[in-house]
Amino acid sequence: MIEQKINLKKTLKEVFGYNQFRGNQETIIQNLLDGKNTFVIMPTGAGKSLCYQLPAIVREGTAIVISPLIALMKNQVDQLNAVGINASFLNSTLSKSESNKVKKSVLAGNTKLLYVAPESLTKPENLDFLAKANLSFIAIDEAHCISEWGHDFRPEYRRIRFIVDSLGDLPIIALTATATPKVQQDIQKNLHMEDANVFKTSFNRQNLYYEVRPKTNVKKQLIKYLKGKKGQSGIIYCLSRKKVEEIHEFLKVNDIKSRPYHAGLDSSIRMQNQDAFLNEEVDIIVATIAFGMGIDKPDVRCVIHYDAPKSLEGYYQETGRAGRDGLNADCIMFYSPEDIHKLEKFNKDKPVTERDNARYLLQEMADYATSGVCRRRQLLHYFGENVEKDGGFNDNTDKPKPKFEANQQTEWVLKAVKETEERFTISHIADVLMGKETDYVKSYGHNKVSVFGKGKDQTQQYWRSIIRQVLLFNYLKKDFDNHGVVKLNDKGRDFLKNPKSHKVMLTEDHDFSKITAEDEEKEIGGTAQDKGHDPVLFDLLKKLRKKLAKEKGFPPYVI
Ligand code: ADP
Ligand code: MG
């Protein structure tokens, strides 16, 4: 055992040139080498690849690595070949004779790692070949692709387990940087690896500064910010290819060196632009989310989301590309409710389950963006880490928002949860408190619970915000096994018996609600009407919001 440990360190040094393991790497590798199923959940940049690369080298046979992106595979195989390891890949880019060559080398026992795209895995001729090969273990990288609750669902990933079973009793290592508890459960269930040893490190990236800015005058803000960061590397994410091109052009006329990257560009241009960024010929890459998976540039000093992302998982992974060298880096999101409407429109035509999941993810993201609570605390809570204190180094803790005593509201929320028998989601609890007499509410008789309509003077947004803060401070918990319904925690039950002070945050009205159609127009072009607003309703809502703010003495836009 000790002998093997020393050898692992020696291999680490000799093959990869590193002096020590990072975090849990050694324990993870040992676990896999002991033949046990292994589930690794670590943030982007933590060093997950090594957890299967090193064991593949020291074990007899060939390790199969299932990976979703062809570019990613090639990148890793090139890197491994460069340090003298026999690795190759099987995917649709290979000709028949090339793939035959790859297979021959595997069957001769020469290949240590074989990267396979999930769709290649299921091809009958490949299955026959794999059945003949001497395999050491199976690694499933980017394992969140298996879950419909993740941000990058790939149906082919669902078939992996079936194939793996047909290959005999091999240990599995699954790895992901995205694991809300729901996604984590999905992965384990789908891969039949509930028995796996789980290695989850904290998702806290202390060196990343999180900030959300209202999306007004965004181009001006962008230039001001980037001028102050001259010579430093940054990524700007936009939602559409068109926007990528537009921002790239805009930076160019403002003397900021950048390149565009999106799936609409020819792959050779994409490669050139990526290389220009990696080799620091330009400071900025303006990109859609097509850019970044597996990119390893250590000194990215900022990741800017020009448009709101579709989910917090995606957001966290994208911002995770900043500050891999451990030095401080900024993660700035420009947020406007308008972006949410746009994303919602994309979701409209999806099949029902997919649409509902997408909506849920988007709502979580919008709640985060409009919240006044410590960003770090929210993100970590979202990823299933229980945080007792604010984590600092983000806009909300550096400039704390006013708080107000919300004992009454907290009590109503907890009562609503209790009286509806802990079987409903945040949105439903908000509906009950707002006294909405929908058919759904009535069908459960929830218009009869004691707190029905207690909060009818407030908006859905207000109540979502209060409920989330009750959740975030552990009075409630989410049941991920059960569509994310909220249930009481011990702390919540105690509160009902013996209410204590519970303060919640208010964001200031100017933050997001004041972004008007005109502000958006300046940026996006087109009128509010073009974007599907009912102008009369839009105006009415604006007035109502102002009126509420005046009457209640505090901003109605609350988180
Ligand atoms: P992940 O897949 O978790 O996002 P990678 O496997 O791409 O991360 O690793 C990120 C970077 O960390 C790579 O440059 C890798 O070479 C480096 N790295 C991994 N393990 C170590 C280590 N033990 N010491 C130093 N650098 C490491
Ligand atoms: Mg990785």
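Being buried (at least 20 other Cβ atoms within 10 Å of the Cβ) and at pLDDT below 95: is that true of PRO68 here?
Yes, satisfied.
Can you pull out the residues in the range 35-47 that are within 23 Å of LYS189 (Cβ to Cβ) and either surrounded by fewer than 23 Cβ atoms within 10 Å (Cβ to Cβ) or more than 6 Å from ligand 1 (Cβ to nearest atom) (or both)? Let's see the steps before the verdict.
Going residue by residue through the range 35-47, those that are within 23 Å of LYS189 (Cβ to Cβ) are 35-43.
Those that are within 23 Å of LYS189 (Cβ to Cβ) and either surrounded by fewer than 23 Cβ atoms within 10 Å (Cβ to Cβ) or more than 6 Å from ligand 1 (Cβ to nearest atom) (or both): GLY35, LYS36, ASN37, THR38, PHE39, VAL40, ILE41, PRO43.
Restricting to the range 41-54, and then to whatever is aliphatic (A, V, I, L, M) and more than 10 Å from ligand 2 (Cβ to nearest atom), can you tell me which residue is farthest from ILE173 (Cα to Cα)? Can you show your working first?
So in the range 41-54, the residues aliphatic (A, V, I, L, M) come out as 41-42, 46, 50, 54.
After this cut, where a residue has to be more than 10 Å from ligand 2 (Cβ to nearest atom) as well, the list is 41, 54.
On the way: ILE41: 11, LEU54: 13 Å.
In this case the residue turns out to be LEU54.
Return the residue satisfying two criteria in turn: it lies in the range 109-129 and is in a loop (DSSP other than H, G, I, E, B), surrounded by fewer than 18 Cβ atoms within 10 Å (Cβ to Cβ) and not polar (S, T, N, Q), and of such residues it is modelled with the lowest pLDDT.
Kept after step one, since they are in a loop (DSSP other than H, G, I, E, B), are these residues of the range 109-129: 109-112, 117, 122-123.
Pick out the ones that are also surrounded by fewer than 18 Cβ atoms within 10 Å (Cβ to Cβ) and you get 109-110, 122-123.
Still in the running and not polar (S, T, N, Q): 109, 123.
Numbers: GLY109: 96, LYS123: 88.
This residue is LYS123.
List the strands (runs of 3 or more DSSP E) inside the range 191-307, counting only whole elements, that have at least 3 residues being under 30 Å from PRO171 (Cβ atoms). It would help to see each step written out before you state the result.
Details: elements: 197-200, 208-214, 233-237, 258-261, 284-287, 300-305.
Because the criterion is at least 3 residues that are under 30 Å from PRO171 (Cβ atoms), the strands (runs of 3 or more DSSP E) in the range 191-307 that meet it are 197-200.
Do you know which of the residues in the range 343-375 that are more than 18 Å from MET333 (Cβ to Cβ) and among the acidic types (Asp, Glu) is surrounded by the fewest Cβ atoms within 10 Å (Cβ to Cβ)?
Looking at residues that are more than 18 Å from MET333 (Cβ to Cβ) and among the acidic types (Asp, Glu), I get ASP349.
Looking only at residues in the range 48-87 that are closer than 21 Å to GLN30 by Cα and charged (D, E, K, R), which one is farthest from ligand 1 (Cβ to nearest atom)?
Here the answer is GLU60.
Within the range 313-352, work out how many residues are assigned to a helix (DSSP H, G or I) and farther than 27 Å from ASP283 by Cβ.
The first filter runs over the range 313-352 and keeps only residues assigned to a helix (DSSP H, G or I), leaving 313-319, 337-347, 352.
Subsequent filtering for residues that are farther than 27 Å from ASP283 by Cβ retains 313, 337-338, 340-347, 352.
Residues meeting the conditions: 12.
Go through the range 22-40 and give me each residue that's out of contact with any Pro (no Cβ under 6 Å at 6 or more places or on another chain) and within 16 Å of ligand 2 (Cβ to nearest atom).
If the condition is that a residue be out of contact with any Pro (no Cβ under 6 Å at 6 or more places or on another chain) and within 16 Å of ligand 2 (Cβ to nearest atom), then ARG22, GLY23, ASN24, GLN25, ILE28, THR38, PHE39, VAL40 are the ones that fit.
Filtering the range 130-161 down to residues that are within 16 Å of ligand 2 (Cβ to nearest atom) and assigned to a loop (DSSP other than H, G, I, E, B), which residue is surrounded by the most Cβ atoms within 10 Å (Cβ to Cβ)?
Selected residue: GLY150.
Do we have GLN25 as surrounded by 17 or more Cβ atoms within 10 Å (Cβ to Cβ), without any contact (Cβ under 8 Å) to a residue 60 or more places away in the chain and polar (S, T, N, Q) here?
yes
Checking the conditions here, which among LEU90, LEU107 is closer than 27 Å to GLY150 by Cα and either free of Cβ contacts under 8 Å to residues at least 60 places away in the same chain or within 12 Å of ligand 1 (Cβ to nearest atom) (or both)?
Numbers: LEU107 fails: closer than 27 Å to GLY150 by Cα.
Step by step, each of LEU90, LEU107 is checked, and only LEU90 is closer than 27 Å to GLY150 by Cα and either free of Cβ contacts under 8 Å to residues at least 60 places away in the same chain or within 12 Å of ligand 1 (Cβ to nearest atom) (or both).
Starting from residues that are closer than 19 Å to PRO55 by Cα and under 28 Å from the mean Cα position of the chain (by Cα), keep the ones in the range 161-178 and report whichever is nearest to ligand 1 (Cβ to nearest atom).
Selected residue: LEU175.
Can you pull out the residues in the range 399-418 that are touching a helix residue (DSSP H, G or I) at 6+ places or on another chain (Cβ under 9 Å) and buried (at least 17 other Cβ atoms within 10 Å of the Cβ)?
So in the range 399-418, the residues touching a helix residue (DSSP H, G or I) at 6+ places or on another chain (Cβ under 9 Å) come out as 406-407, 409-418.
Passing the criteria: ALA406, GLN409, THR410, GLU411, TRP412, VAL413, LEU414, LYS415, ALA416, VAL417, LYS418.
Pick out the one residue from ASN396, ASN386 that is assigned to a helix (DSSP H, G or I) and either touching a residue at least 24 places away in the same chain (Cβ under 8 Å) or among the β-branched types (Val, Ile, Thr) (or both).
Working: ASN386 fails: assigned to a helix (DSSP H, G or I).
Only one candidate qualifies: ASN396.
For the range 85-116, which positions are under 35 Å from the mean Cα position of the chain (by Cα) and among the aliphatic types (A, V, I, L, M)?
Residues satisfying the conditions are ILE85, ALA87, LEU90, LEU94, VAL102, LEU113, LEU114, VAL116.
Checking LEU175 against (1) away from ligand 2 (no atom under 16 Å from the Cβ); (2) in contact with a strand residue (DSSP E or B) (Cβ under 6 Å, 6 or more places away or on another chain), which test does it fail?
The one condition LEU175 does not meet is (1).
Can you find, within the range 467-521, the residue that is surrounded by the most Cβ atoms within 10 Å (Cβ to Cβ) among those that are in a helix (DSSP H, G or I) and at pLDDT below 50? Working first, answer last.
Filtering the range 467-521 for residues in a helix (DSSP H, G or I) gives 467-472, 480-482, 490-497, 517-521.
Among the residues that remain, those that are also at pLDDT below 50 are: 517-521.
On the way: ALA517: 19, GLU518: 10, ASP519: 17, GLU520: 23, GLU521: 15.
The qualifying residue surrounded by the most Cβ atoms within 10 Å (Cβ to Cβ) is GLU520.
The values are calculated or read from the model by the stated rules, or taken from the named source; none is laboratory data. What you see is a predicted model; the values in this text were computed from it and never measured. Every residue, glycine as well, gets a Cβ built from its backbone with ideal geometry; the counts of neighbours run over all protein chains shown.
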